[in-house]
Amino acid sequence: MAAAPPPKADELQPHPPKEQLPSVSFCITSPPPWPEAVILGFQHFIVMLGTTVIIPSALVPQMGGGNEEKARVIQTLLFVAGINTLLQTFFGSRLPVVMGGSYTFVAPTISIILAGRYDNETDPHEKFLRTMRGTQGALIIASTIQIILGFSGLWRNVVKLLSPLSAVPLVSLVGFGLYELGFPAVAKCVEIGLPELILMVAFSQYLPHVLHSGKGVFGRFSVLFTVSIVWLYAYILTISGAYKNVKLKTQAHCRVDRSGLIGGAPWISVPYPFQWGAPTFDAGECFAMMMTSFIAIVESTGAFIAASRYASATMIPPSIVSRGIGWQGIGILLDSFFGTANGTSVAVENVGLLAVTHVGSRRVVQISAGFMIFFAVLGKFGALFASIPLPIFAGMYCVFFAYVGACGLSFLQFCNLNSFRTKFILGFSFFIGISVPQYFNEYASVSGHGPVHTGARWFNDMINVPFSNKPFVAGLVAYFLDNTMHLHQSAVRKDRGYHWWDKFRSFKKDARSEEFYSLPFNLNKFFPSV
């Protein structure tokens, strides 16, 4: 057969794969000028506030707490998030990731709240304290899973078998799987959520390409511009009486004065360990929380991969992922000590913000951690920002989560999309990753409990919680299929893109790993990466 003629100069060619993402203004090791870095750090602080407020606002009233307890829990969660972010960026994965509250831990926490051992408590405040102590005990045990798997290197051995093909469904659904926190939350107050979404797209995607002067400013600081405009708009609607005669639920979502945080927050207060009392332990609750902790490992692994891409770093080596998971376990241990009623994982929305700003600098995220700690101590000022209506955050989430999901899809550039094996693994893992959690969530919404409903609540949670999690199900299916299907065929290794990440499976194989991921203060001598 005759060879194909060489392509003509003007003939279109496929885009070549890129190991590092181009067009990033400041990569992981190149910080912006200090004034710009401080403003960008403040943006990360604003973005992470959404999750920091949503989770305690959902949990604390069920625990028996009022506005004062809610404000203190938010303050504590914010304070510990700042500490955990500094630990992760200095000693963990070294990626520019914010370590904040995790929605994954909400389900087992609600299970603890509904446990029968608190039914006989009539005093709401005492019930809150007892429930918080039970949550602390479960989180202490759950943290050991991540600490052991991370620091022992066991998780490194799991990640070594990850290929670009199996990473696609995992990373994509870490972003796309949070769709219920996007437009459904925008629609709870569409008159402020939708303007935020539209302005966010306009400022970050259109204005930088339309304007001739200052075009980088609008894209890079789009969060500050849009939140300021829509927050002011929501304030005008509130004081003008637009929500006087609407339902209380609508007022809670739309008004700027219904959070109860400013009144409940102290002026100055420093959270401290065991401020709610000594933790209590229940074996069943600990087992359920341990399973949730394992799910958080899988989710954060996908988020680490996305962050490494948007920081214009090379693919994060398995040993560095494992080290990051170990420090995430330390973070959950701190959560349990301080009493946040929640565990820690990588804040997906902040990974999306790296893409919006084109700034993946580690220093920027470390500055944001300083803001978290500062505003947690100055309770009233922190509560002011935390009182931003949640539909405004939901409008931003539509952009941030979309970027993280798209990052997962971008790894298809390393795979052979003309292979039927590739098509099956991609399609099946995506479909099952969406369909199975949909079944579990629909069943729970109709019946009030998951499909697995035995007399042991902890056992129910151990099955229902993981199979309600989209990235966990999709990642598990893709990982299993990719590492078991037709591996004897010589073309499979290239089809799945495994060879592209060969040089990054060991820390020392690529010189760039030292630049991006080595520990500070010459600590690599004492804690070498492999």
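The values are calculated or read from the model by the stated rules, or taken from the named source; none is laboratory data. Keep in mind that this is a model prediction, so the values were computed, not measured. Please note: Cβ atoms are built from the backbone with ideal geometry, for glycine as well, and neighbour counts cover all protein chains shown. Note: accessible area is taken over every heavy atom of the protein model, side chains too, but ligands, DNA and RNA are not part of it. Shrake-Rupley method; radii C 1.70, N 1.55, O 1.52, S 1.80 Å.
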How do 419-429, 47-57, 488-498, 243-253 rank on mean C-beta neighbours within 10 Å, highest first? 47-57, 419-429, 488-498, 243-253
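In debye, nearest 20, what is the charge dipole magnitude of the chain about its Cα centre with +1 on Lys and Arg Cβ and -1 on Asp and Glu Cβ, if you could check?
Values: 37 positive and 27 negative charges, 166 e Å.
So the magnitude is around 800 debye.
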Accessible-area composition of the chain, carbon plus sulfur, in percent [1.4 Å probe]: 67
The alpha-carbon center of the stretch 476-499 and that of the stretch 255-282 are separated, in whole Å, by 49
Counting only C-alpha contacts under 8 Å and six or more residues apart, can you give the relative contact order of the chain as a whole percent? 31
In what sequence, highest mean first, do 282-290, 155-163 appear when ranked by Cβ atoms within 10 angstrom? 282-290, 155-163
Taking the alpha-carbon centroid of each part, what is the distance from the stretch 110-175 to the stretch 327-403 in angstrom? 18
Which listed residue (LEU426, SER468, HIS488) has the Cα farthest towards the positive end of the charge dipole for the stretch 383-530, taking +1 on Lys and Arg C-beta and -1 on Asp and Glu C-beta about the Cα centre? HIS488
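So what is the calculated 222 nm ellipticity per residue for the chain, using -39500 (n - 2.57) for each DSSP H run with n of 4 or more, over all residues, to the nearest 500 deg cm²/dmol? If you can, show how the numbers build up before the last one.
Working: 24 runs with 329 residues, N = 530.
It comes out at -20000 deg cm²/dmol, rounded to the nearest 500.
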Cysteines not pairable in the chain (beta carbon separation under 4.7 Å absent): CYS27, CYS286, CYS398, CYS407, CYS415
Can you give me the distance in nm between label points at GLN205 and ASP257, each placed 7 Å from the Cα along the Cα-to-Cβ direction? 3.7
Kindly identify the stretch 484-530 as rounded, prolate or oblate by the Cα gyration tensor criterion: order the square roots of the eigenvalues as a ≥ b ≥ c, call it rounded if a/c is under 1.5, otherwise compare a/b with b/c, prolate if a/b is larger, else oblate. prolate
Cross-link reach list, aspartates and glutamates versus LYS509, counting only Cα pairs under 18 Å and skipping chain neighbours closer than eight places: GLU19
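Between ASN120 and LEU409, what FRET efficiency comes out of the Förster formula 1/(1 + (r/R0)^6) with R0 = 45 Å and r the beta carbon distance, rounded to 0.05? Don't skip to the end; give the middle numbers.
On the way: r = 52 Å, r/R0 = 1.15.
Approximately 0.30, to the nearest 0.05.
Could you tell me which of rounded, prolate or oblate describes the stretch 262-366, using a ≥ b ≥ c as the square roots of the eigenvalues of the alpha-carbon gyration tensor, with rounded for a/c under 1.5 and, failing that, prolate when a/b is larger than b/c and oblate otherwise? Working shown, then result.
Numbers: a/c = 2.60, a/b = 1.39, b/c = 1.87.
The shape class here is oblate.
Based on the mean of other beta carbon atoms within 10 Å per residue, what is the order of 301-314, 20-33, 134-147, most packed first? Please list the in-between numbers first.
Working: 301-314: 27.3, 20-33: 16.3, 134-147: 23.9.
Top to bottom by mean Cβ count within 10 Å: 301-314, 134-147, 20-33.
Which entries in the list LYS127/LYS188; LYS503/LYS525; LYS127/LYS380; LYS188/LYS423; LYS18/LYS423 go over 32 Å, if you measure between the two C-alpha atoms of each? Write down the numbers at each step before the final one.
Values: LYS127/LYS188 30 Å; LYS503/LYS525 22 Å; LYS127/LYS380 26 Å; LYS188/LYS423 37 Å; LYS18/LYS423 22 Å.
LYS188/LYS423, as the Cα separations exceed 32 Å there.
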Using Cα positions and a limit of under 17 Å, work out the aspartates and glutamates in reach of LYS470, with same-chain residues fewer than 8 apart set aside. GLU180, GLU299, GLU349, GLU442, ASP461
Net lengthening on full extension, LYS503/VAL530 (0.36 nm per residue, minus Cα-Cα): 8.5 nm
Of all GluC sites (Glu not before Pro) in the stretch 1-103, which ones are in loop regions per DSSP and have a Cβ with at most 16 other Cβ atoms within 10 Å? GLU11, GLU19
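From the Cα gyration tensor of the stretch 32-412, with a ≥ b ≥ c the square roots of its eigenvalues, which class applies: rounded if a/c is under 1.5, or else prolate if a/b is larger than b/c, or else oblate? It would help to have the intermediate numbers written out before the result.
Values: a/c = 1.68, a/b = 1.05, b/c = 1.60.
It comes out oblate by the Cα gyration axes.
What are the chymotrypsin sites (Phe, Trp or Tyr not before Pro) within the stretch 254-283 that DSSP puts in a loop, where the Cβ has at most 12 other Cβ atoms within 10 Å? If you can, show how the numbers build up before the last one.
Working: sites: TRP267, PHE274, TRP276, PHE281; in loops: TRP267, PHE274, TRP276, PHE281.
Hits after loop and neighbour filter: TRP267.
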Would you pull out the residues with amide H under 5 Å of SER345's amide H, same chain only if 5 or more places away, H placed 1.01 Å from N? GLY100, SER102
